[in-house]
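Below is one structure, written out as structure tokens; the observations come after it.
None of the figures in this text is laboratory data; all of them are computed from the coordinates on show. Just so it is clear, the structure is predicted and the values come from calculations on it, not from any experiment. Note that each Cβ is placed from the backbone with ideal geometry, even for glycine, and that neighbours are counted across all protein chains shown.
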């Protein structure tokens with residue numbers, strides 16, 4: 001949990017939310033990146049159908065701008081495709097410009113906006129969609 005706290009724009013889940021994500025093996029994929037036995041990044045995605053959702057992504061401050069986020073996104077796209085996904089969705093804080101650039105660079109396109117979706121601080125969510133081919 002401390003990893004996601006390093007980024008103000010990351011989704012800040014509770015311990016119970018992480019426990020639920022890790023216990024739903026058939027519905028969620030959790031990818032973890034390590035460097036010298038230290039977790040430096042992770043991604044949580046939910047799927048199991050033709051529609052998947054990237055629920056959370058965080059990269060340690062010391063590991064940013066080194067391609068780790070791109071590798072995590074590519075890996076989850078491969079996992080989702082391998083399970084028959086047709087589309088992958090996500091939402092990101094409007095102010096998370098590095099995250100938005102990562103998703104757009106990875107082939108996600110704008111799909112909409114959720115007004116006031118986030119709290120602490122209040123902010124819109126920008127929705128993205130990836131069409132698997």
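Using the Cβ-Cβ distance between residue 36 and residue 71 with R0 set to 22 Å, the FRET efficiency from 1/(1 + (r/R0)^6) comes to roughly 0.85. Model label points for residue 94 and residue 119, set 7 angstrom from Cα along the Cα-to-Cβ axis, are 1.9 nm apart.
Note on 95, 133: ascending count of other Cβ atoms within 10 Å places them as 133, 95, the fewest first. The mean sequence distance of close C-alpha pairs (under 8 Å, at least 6 residues apart), as a share of the length of the range 2-131, puts its relative contact order at 19 percent.
Taking each DSSP H run with n ≥ 4 as -39500 (n - 2.57) and averaging over every residue of the chain yields -8000 deg cm²/dmol at 222 nm.
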